[in-house]
1. Per the Kirkwood definition applied to all pairs of different Cα atoms, how many angstroms is the hydrodynamic radius of region B:58-155?
2. Stick to the Cα atoms of region A:205-355, pair each with every other, and give me the Kirkwood hydrodynamic radius in Å at one decimal.
3. Write down, largest first, the equivalent ellipsoid semi-axes of the protein assembly as shown in whole Å, where each equals the square root of 5 times an eigenvalue of the alpha-carbon gyration tensor.
4. If you take every DSSP beta bridge whose two residues both sit in chain A, what share of them, in percent to the nearest 5, is antiparallel?
5. Can you compute the radius of gyration and Dmax for region B:396-631, using only the Cα atoms, both in Å?
6. Can you tell me the Rg and Dmax of chain B, counting just the alpha carbons, in angstroms?
7. Only bridges whose two residues both fall in the protein assembly as shown count here: according to DSSP, what percent of them are antiparallel, nearest 5?
8. What is the distance, in nm, between label points placed 7 Å from the Cα along the Cα-to-Cβ direction at residue A:208 and at residue A:242?
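No lab work stands behind these numbers, since they all come straight from the coordinates. None of these values were measured; they are calculated from a predicted model. Neighbour counts run over all protein chains shown; Cβ positions are idealised from the backbone, glycine included.
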């Protein structure tokens, strides 16, 4: 019998096909007569994606372009911060020039980055990941994972299903692991994570009793608590039936990663936790627990970015604490021998290494005539647009995959005309394209930017339509 | 717009609207009674119709700008119909509702509608939304929107009708959750399943801000398992099996391997223990019977140990242990109110002042019927306030959230500009100044706004309990207070700083840094604070179309850069921030008093304006003199009382709370400016102790 650790190590070494074989046959059978599966991973990193930092070598970044630039990435070398994604350049689309000014705020736009509304409105409506989750379904329609330098197990930062209905981001990989894979654990340890259905029913009954004495908004508050028990209970029986499938896709996670170090002198472990969260993201997709995962790194309305020790970024030479806020402002100051802007690029590169591992894992799982990655879309963005204090005239995206051929993406450098110029488009149009691609026929998304009301802000990005 | 699941149930529509409508109705009735419009029982007969009231209202006040031709903001209301319940024009009606609720429209320079007519239109709208099954948010209840309730109406002359709050359930604060878990299952490694939203310029723990939903439950469940394992644990010690160090005898009896079949009595004893320690009460007979049946079934299916842990979990996750409930009990009085049950009062008092559950004295009083009157509540409130052994983080918490100086640690400053900047020390100094003023308890607000005393690099050593110098390694933190380089630290603090340079918390370096940018002062945010927190004004969010950037010209002073905000369009809002924010230019962005800026004499003039009080509207030469002027103002004092109300009640005030606010203000004035008296007044007020009677609200909404 293959234990989980061996199994997952195997997948990351590209041996997944072997171990996955029985399960993958099921996937084949399931997909033979139906449209190809569609999955999406959003990766939202705080502190801005500086456009220049992701500009491929050999493609000039013109100032305030007036026309659409649509170029191939053939033979193009990716810049330092994106280098780990070089093997996937043929699947990559660098999407530049989309604005998101409606969301504008300071440091981080939180929910608005995926929602396209003024960021102060917080969980104002349905974010694009939640919209895609609604369309794609799953036992867990949406999985939210993340990392933070703060000692929190859970946060509500980037995803919402409706006004005031934020979805959680689990920040503790050990807990996330228990939450999503307990049903696949060996029987003894499973028992200790499994919640007795009778207990859930008993508690649901308790809540109903209290609820019956309440009125109006108070009833609704408890309704959410009740729903939590009911959905956990309903989910549990479904999960039990998938136990083998889950067991096979369960990654190993170091129990020590549950602890956050807030010291400014020792390793923060933030990148190890990020890697674990990407492993868990891959596991939930492979197990068929969900089709939409959002991984966020230090994102959220009052957050700033990832802080770490220089030693955690690789062989820089010197060590020292690199504070996200400090490098956002002190671009030309030195931190551990690096300029602030260099630290920024190093942190991105480290994140991209983890993302690349996720892609590699999905590529190692055959599906249909190809791999799982063929039917998966990775959307990488910042919740702070183009900078630490962004203007949001441009909100860069790095996209990998084409969602099973549903979108004309891959091997492309697309840059839209500058903010306010004819042909300029907003990120809302990109999100409309994504939602259209998974069967939501909407014509627009979020709230339009009234400062450019003379420009058409409806419909998907024509360039992406298949 | 959200249509709640609940609205789809057969009895839901009335239930959904009841509190809401009554809440508004209270507001409406209050005004209408005040002007003799109608009696509270006559609302069904006088409910206005669209054609007779709403349409003429729109025609008179709205359609002029929002008509057919080139309507303002692309909102056209000339053809809107009253068929909301059929789903027509809902979006426009929502906008109208919010504008009228906040009295943001018609614009201030246009003729304003009668206050009672506006209220009747709102009442009509709420009824129509309810008929359409739409849950509409009352923005006045949102954190940050409290000042929209007109001050003049809250503090009008004459008698206000008795206050009350709506009944409510309120998720407990994270600190309370963590403390109680450690209290009955100490030593477990617990995660933090929920947090408080970051407050910004509002208070953080409002009753309408938090629910426990799906993912929280997963985290709660993880903690519950840790606690249940500790509370029902068998350990091996030298070959014998013993109970774990946190496992009570009552629970050990059930898991003792010798005891193959626990008796009902043993189960009952264990359940009693759990209820006493987790919910702080006896189980009812029915609860005990349900729990016994559950425990037996669970032990049968999962074995004794897991079965007992399930039982423990059931109590730990009981909604009562995670939500505080304030429903009231007994017969409604003549004002349609019920008083909180003694235990509800005990929890409400404890959670208002501390992060722990009620102490034994209060629980005992509650159970012996000695926490049922205002006097009895007052006894315990004063006892807790006066007892220095009881930790009351909520007191400093109020001042921290009110003044917002804690934000100083989040403002990045380039170390090359000032190597002595130590924001955490500055914040700690202000904490101590505040608690010093609180302990003196005389003219507290005045002292907070005018004192030239300050703590400097001062802390109380946790071991010796004596004064000590904070952050001894960075000796230069005192530069922030303009103390000379050779200043010798003294343990006897606070020390006096020049009265011409410092006046209270707003001149503490911590506050000035918290309200500064990375490289300069932030006169706008300082002005916003003064406008909102002292003058009770409201400033809308920056319009989406405004590219709010000051020129990036290093040869200009901040005041010169801010000239761009004096354009007519910007000035509509900036007239409320700049004049009260720019006097703080007497300090630099590290909080140091200065006389020059860019080599020229710094200009520190400003003005108190648009205060609504003629005598308060004066030009001021600098921040110190502005603060002294503000500290003399009864309006400023009342606005402070309103903020204290919000923090300690966990919600915004409404016109229903006028009596409570006036009583609190009187208590403060009559006690010579005692913060303790102010808090005690709030926690013995009708708003704190009384809840709207639910049956009464049903009756009214169904009429």
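1. Values: mean 1/r = 0.0693 Å⁻¹.
Computed over Cα pairs of region B:58-155, the Kirkwood hydrodynamic radius comes out at 14.4 Å.
2. Numbers: mean 1/r = 0.0530 Å⁻¹.
Taking every pair of different Cα atoms in region A:205-355, averaging 1/r and inverting gives 18.9 Å.
3. Working: eigenvalues 388, 323, 233 Å².
Here the semi-axes work out to 44, 40, 34 Å.
4. Values: 25 of 49 bridges.
Approximately 50 percent, going by the DSSP bridge assignments.
5. So, for region B:396-631, Rg and Dmax equal 17.8, 59 Å respectively.
6. Cα radius of gyration and Dmax of chain B are 28.7, 91 Å respectively.
7. Numbers: 49 of 74 bridges.
Around 65 percent antiparallel, to the nearest 5.
8. 2.7 nm
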